[in-house]
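The values are calculated or read from the model by the stated rules, or taken from the named source; none is laboratory data. The model shown is predicted, which means the values in this text are computed figures rather than measured ones. All Cβ positions, glycine included, derive from the backbone under ideal geometry; neighbour counts span all protein chains shown. Surface accessibility is based on the protein's heavy atoms, side chains included, excluding ligands, DNA and RNA. Shrake-Rupley method; radii C 1.70, N 1.55, O 1.52, S 1.80 Å.
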Amino acid sequence: MLYQISKEKPVILVAEEETPRVAYIADHVVHVWYRKNSLGHIVRYIQLEKSRLIPPGPRYIFDIVEGFGLFYLKPLKFRGDENWVEDSGLGKVVLIKSGICIHSESLKNIAELLSKIHSEAIFLKIGPWTSFRGVKITPEKLFVAQTFHDFFKLAILLHTQQLRAKYIVVGGLLNIPDGEIDDYLSVLYAYADYVDFVVFADVGPKEETKRLEKYCDEVIYV
């Protein structure tokens, strides 16, 4: 019946359960779902699964933001050409718009490096413990992600240029299990639309911090 009606006017169907028969006859199928992870964060996903006009799309993480509606962040892989620069704060030649891992077994060494860039940085804390101790951070530059929605609040502030920074320094990735870290990286790397570098700072034994290296464009040991 819906298929016959759709020949004359559009039909939009919202289903809360799996609907294989509707998917079979539908011209466009968009899948929207969510999950609650080990940190208690609710992560929302949206994906175009079927369309006669274009191929199925990638999975996007999104949230509902007052004043913006559905707000999603563009994956890093769709960005432009590579640009290498010598960054005095990091003390390295690094790829602009990239993710930089800063690892150390010493909290003091991390604090010394972060102190060199803190005036141009925004600090984002994930989980109960981070490597920011010893760095003088003003309250307006410290964001604590108590929910996944807080990542989008920061994105909105950057998007509207209410906040400007050269670096986003992230602490607490070691708190996140491997099976869930990709969700966070999808959002964190999207911040590169608004800043030059996304910096992941972690303190711990090398065998522990080494598991994060595969997510970084550059690794700096201090």
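Quick notes
- Formal net charge of residues neighbouring Ala121 (Cβ-Cβ distance under 15 Å; K, R +1; D, E -1): +1
- Excluding ligands, DNA and RNA, the accessible surface per residue across the stretch 128-192 is 45 Å² with a 1.4 Å probe.
- Relative contact order of the stretch 168-222: 44 percent, from C-alpha pairs under 8 Å at least 6 residues apart in sequence.
- Dipole moment magnitude, nearest 20 debye, the chain about Cα centre, only Lys, Arg, Asp, Glu C-beta charged: 240
- Counted charge near Lys210, where neighbours are those whose Cβ lies closer than 13 Å (Asp, Glu -1; Lys, Arg +1): -3
- For the stretch 125-222, the carbon plus sulfur part of the accessible surface works out to 51%, probe radius 1.4 Å.
- Across the chain, C-alpha contacts under 8 Å between residues 6 or more apart give a mean separation that, scaled by the residue count, equals a relative contact order of 23 percent.
- Each listed q (0.12, 0.15, 0.22 Å⁻¹) maps to a log10 I(q)/I(0) for the stretch 56-190 from the Debye sum over equal C-alpha point scatterers, namely -0.52, -0.83, -1.67.
- Thr138/Asp193 FRET efficiency (R0 30 Å; Cβ-Cβ; nearest 0.05): 0.80
- Once both labels are positioned 7 Å from their Cα atoms along Cα-to-Cβ, the gap between Leu70 and His149 label points is 1.9 nm.
- FRET efficiency, 1/(1 + (r/R0)^6) with R0 41 Å, evaluated for Ser115 and Trp33 via beta carbons: 0.45
- Peptide packing: for 174-183, 141-150, 123-132, the average count of neighbouring Cβ atoms within 10 Å per residue gives the ranking 123-132, 141-150, 174-183, highest mean first.
- Spacing of the modelled spin labels on Ile156 and Lys7, each 7 Å from Cα toward Cβ, amounts to 4.5 nm.
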